[in-house]
Every structure is written in C-alpha cells, then in structure tokens.
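Take a look at the structure set out below.
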Amino acid sequence: MYKKVNKDIREKLERIVGCENLTFDSEKMVDYSHDEFSLADIARMPELVIKPKKTEEVAEIIRLANKEMIPVTPRGGATGLCGGCVPSCGGIVLSLENMNQILEIDLDNQMAVVEAGVTLSDFYSAVEEAGLFFPPHPGEESAMIGGVIATNAGGSRAVKYGVIRNYVRGLEVVLPTGTIVHLGGKLMKSSMGYNLLNLIIGSEGTLGIITKATILLMPPAQVTRSLIIPYDDLDNAIETVPLLIRRKMLPMAVEFIDREVIQITEEFLRKKWPCSEGKTYLLIIIDASSEEELDRLSEIVAETCMEKRALDVYVADSPEKQRQVLDIRSKIYEAIKAHTVEILDIVVPRAEISKHVRKVHETSQKYGIWLPTFGHAADGNVHTHIMKARLENGNIIPVPEEEWREKIDKVRKELYRDSKTRGGMISGEHGIGIVKKPFLSYVLEEEEIRLMKGIKSLFDPRRILNPNKIFD
Ligand SMILES: Cc1cc2nc3c(=O)[nH]c(=O)nc-3n(C[C@H](O)[C@H](O)[C@H](O)COP(=O)(O)OP(=O)(O)OC[C@H]3O[C@@H](n4cnc5c(N)ncnc54)[C@H](O)[C@@H]3O)c2cc1C
C-alpha cells in the first residue's frame, strides 16, 4: 500500500531541506533503524533520513509524504524502549535533531519555549541557569523534548511532581496532512472543549509531529537529601512506602533496587554504593525548603523504615555523595543492558506493588529465568528486566538463545495478566510502540481501542504517520 522513496521524491525532499540534511546512505542510516529496545528483531532500515531545521520544512515534507503515500516516522533521541521510532514500514525517518533551540525562558510566566529536538540534558542546564526547576526526570538525558512529550515520560520524581503531561502547556504540531496547529499556550488554565493538547501528549508520534513546546517550570527546592535504606526482606522494603504515604510523607522519589544489580553496577562503574549489607534497598530522595524541615522529614522516614525492619539508614547529604548514589542508580541499565531482552514497564496501584513483585519472583522461579526488578516504588511503576543470562555467585552467565526465547512470551503474559488483576496497566511511562502492541487488549477495553483507532483515522486517514505503532 505504501510507495517507495524514488529518485523524484528524494530530489523534492532535497529541495526542501538541502542535501546536507538528508541521507540515504545505508551505513549512515543504521543508527536510525532502532531505538534502545535490545532485540534486533524489530529493527528496520529507513529508505531515507531527513533532518529539517524549521517547522515549515516539516510541514512540506509531510505534505509530500501524504500525497505520495510514504510512511514517516518521527524520531527524537531514540532512547525509547519499545521500538516507537523504528520505521517499521520503511519510508522516511524524520529526525528532530536539528531543531534544537531553546527559544525562550520566560521568567514572568515561569515557562520555557523550546524546539522539539532539544535534549533533556541541555534543557535541564538552561533551566537551572535561569534559577528554575523542571521536575520530571526520565532516566536518560539524551532523550529529546519532543520524544519525551510523545511518550508522556515519567521518571523517578513522578510520585511528587507528576509526569511530563503535567508540565506541557502549549504545543506546535504538524498534523499528518501537513497542517500546522498551535495548541494551548502560556496558560495555567484552559477549558476549551476537547483537550487536543493532551491527546498529542503520549500519542507516540502517531497523530502529529511535535515541533515546539511550551513547558511550565517551577521554583527549585532549596535543599535535598538522599537516604539509602538496606533491608533483608523485599516485602518489608516495599511495604514501607504505603506507610510513609499514610503518614503524609511524600518524598521526591522512592526507588527500590535489589542488591545484586547494585553490585553489578558498582563493578561496572568502579564506584561504591554507601552500604553493603542487606538484600534490597530503598533509595528515598526528599526535598524541602530548609535544613530543619529536611531533618524533620528524614526522621519520619528513618522511624518508618526501622519499624519495617530496615537494617540501617544511610544519609547522602552532600551534593557529591548524592551524585555518586544517583549515578549508580541511573547506570544500572547500562551495566546489565548487554544481557537484557526487555524492560517491562508495568504500573499497578502503589498499594499492590509488593504483591506484584512477589509474583515476579514466583514467575522467575517457575520458568527458571533471571528477572531483576527495580523501579519507582512510590508511584507503582515496576521495571522487571527479562534477562538472557543467569546470575551465579555474582557472575553473569549467558543462557542459550533457544532457552530464553521460549520463555519470554510466557513471562510477559503472566506478569501482564497479574497487572490487570491488580487494576494496573502494561506501560506506566515507556509507551506501547511495537513491542507492547500485541498486549494492548490485555488491559484496555475493546471500546477504548476502537475509539483510539477512530481518532487515528480522523487525524491520519491515509495512515502515513508512524504506522504500525500502538495498534494495527
Ligand atoms: C537508560 C534509560 C533510562 C530511561 N528511563 C526512563 C524513565 O525513567 N522514565 C521514562 O519515562 N522513560 C525512560 N526511558 C525511556 C525513554 O528515555 C523515554 O521514553 C523518552 O521519553 C524517549 O524520548 P526520545 O527523544 O528518545 O524519543 P524516541 O525514542 O526518539 O521516540 C519515542 C516515541 O516518540 C515519538 N517521537 C519522537 N519525537 C517526536 C516528535 N517530535 N513528535 C512526535 N513524536 C515524536 C517517536 O516516533 C516514538 O514513537 C529510559 C530509557 C533508557 C535507555
């Protein structure tokens, strides 16, 4: 049904962006055939990669692609974990990397206006320099603003500060027809019928290409502190979280992490985690307006953890110590990536976390598969890693492919069913992409999927924009 990018179309595209912003050299396009999902099974080479510099160029490319029936896949930093920016029908990859300007940081409105290709890392630096704070913190800072909005990314601070959706106030979007629309603005409120802005957020590049975003910023917290709490028993660790919340204690982040992956990451980075006892840890980050308040909150945390049989409470209070701890936490994936098949992204009501994690452990035993699990304990988001290796006395031993391949689907299905029975979803923050598409109906109602398909048809009747994603 789709056409190939022929010489005539290529020349037209070259006239829009200039030869230097387009490539069809297969060697240069290899990087554009995949994202951070680890299996090569879903990778596909594009026919052409194009890197526009202006919104009008994006619109012209889309108009041409729509007329010629060429699929277009928008791409940000390609840090996605479910194949969202993989050009699974071939055609054009439209990379936003050249649209990377921070256009404005408006101090009076506390909002930033940025192009979609700005990386999170550049954005955090600019916001910090302006004396403000952008709370969402998805773990990989080479992600770009457009991609982060398109996936409605979360991150560890979501429990207190919410996800990207809570900060996007305005969007410039090129629709699949090539029309440019401006949704929302520098507004704190708006009650204007159906909220198309929110429809684009999390739409994974299937309804429009985000070219600019207006983002709400916050005043920064005055002081922060990280507490590292070892436990011998995972249930006790996780059951601490609802107890903290019942005591009206809302930390900035609460992560749970198994000792075994910390050890692997310590070796990988040659850095030391502050303590070595226990089998599992809670990493609790708190923020406050003064040191006194921080002390008061730390005391509540420490008392609650000890009540739940924590072995100790370690405090990282200097910026250097906090950096060291966060560095180890954020590099766990890098340390085990070569042995990971898939990172699940199940979200359950937070009171259900310990039961779901127990199910993960049972599943690991049942199928004889290593499933290291860590995640954002206080918002119910559990990242179970399906591994193609096993751990023996701290050593990672590869497992033959036929063995792990046979097990992965069973593991996924078992855990997805468990999330459904607990009122959960199969993705809390990574999105559906290609990888989770077969499981959408496990958790969404038929009518919900039918409405979603209807929305896609309304925006993109010729199905040229990121086809084959979320649903068929
Ligand atoms: C080590 C690591 C840690 C991570 N930690 C987190 C975490 O804590 N929380 C979290 O939520 N995610 C996390 N992620 C996943 C990933 O970083 C996020 O999904 C991120 O939002 C993707 O942004 P990106 O720019 O890389 O998008 P891409 O991977 O390039 O694309 C993702 C999707 O967005 C679409 N898209 C991209 N740009 C646009 C645009 N301008 N307009 C329309 N659609 C677009 C693509 O078509 C695709 O469907 C992590 C990933 C890694 C590798």
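Gain on full extension, evaluated as 0.36 nm per residue between Glu128 and Glu320 minus their Cα-Cα distance, stands at 67.4 nm.
Label-to-label distance, Asn98 versus Lys437, with points set 7 angstrom from Cα along the beta-carbon direction: 2.9 nm. Averaging Cα coordinates gives a centre for region 423-450 and one for region 293-307; these two points are 38 Å apart.
If the segment from Lys3 to Glu446 were pulled out straight at 0.36 nm per residue, it would be longer than the present Cα-Cα gap by 156.3 nm. Here Lys54 is the anchor, and the aspartates and glutamates within straight C-alpha reach of less than 12 Å, apart from those fewer than 8 places off in the same chain, are Glu97, Glu115, Glu172. The alpha carbons of region 358-472 give a radius of gyration and a Dmax of 17.0, 55 Å, in that order. Sorted largest first, the spans of the alpha carbon positions of region 142-221 along the three principal axes are 42, 30, 18 Å. For Glu60, tell me the accessible area in Å² from a 1.4 Å probe, rounded to the nearest 10. We get 80 Å² for Glu60. What region 193-335 shows is 45 Å² of accessible area per residue, with the surface traced by a 1.4 Å probe over protein heavy atoms. Ligands, DNA and RNA excluded, the heavy atoms of Glu56 present near 90 Å² of accessible surface to a 1.4 Å solvent probe. Computed over the chain, the convex hull of the alpha-carbon atoms projects to a mean area of 22.6 nm². Here each label is just a point 7 Å from Cα along the line to Cβ, and for Leu187 and Glu260 those points are 5.2 nm apart. For the peptides 115-128, 161-174, 392-405, residues were scored by their other Cβ atoms within 10 Å and the scores averaged per peptide; the highest-first order is 161-174, 115-128, 392-405.
Accessible area of Lys54 (1.4 Å probe, protein heavy atoms only, ligands and nucleic acids ignored): about 120 Å². Straight Cα distances below 19 angstrom link Lys410 to the aspartates and glutamates Asp41, Glu342, Asp345, Glu362, Glu401, Glu402, Asp418, with same-chain residues fewer than 8 positions distant left out. Its DSSP H runs of at least 4 residues, each contributing -39,500 (n - 2.57), put the calculated 222 nm mean residue ellipticity of the chain at -10500 deg cm²/dmol, to the nearest 500. Over 25 Å apart at the Cα level, from the set Lys160/Lys359; Lys436/Lys456; Lys366/Lys420; Lys359/Lys436; Lys28/Lys388; Lys51/Lys212, are Lys160/Lys359; Lys28/Lys388.
The values are calculated or read from the model by the stated rules, or taken from the named source; none is laboratory data. Values in this document were obtained by computation on a predicted structure and should not be read as measured data. Cβ sites come from the backbone with ideal geometry, for glycine too, and all protein chains shown count toward neighbours. With ligands, DNA and RNA removed, areas are computed over all heavy atoms of the protein, side chains included. Shrake-Rupley method; radii C 1.70, N 1.55, O 1.52, S 1.80 Å.
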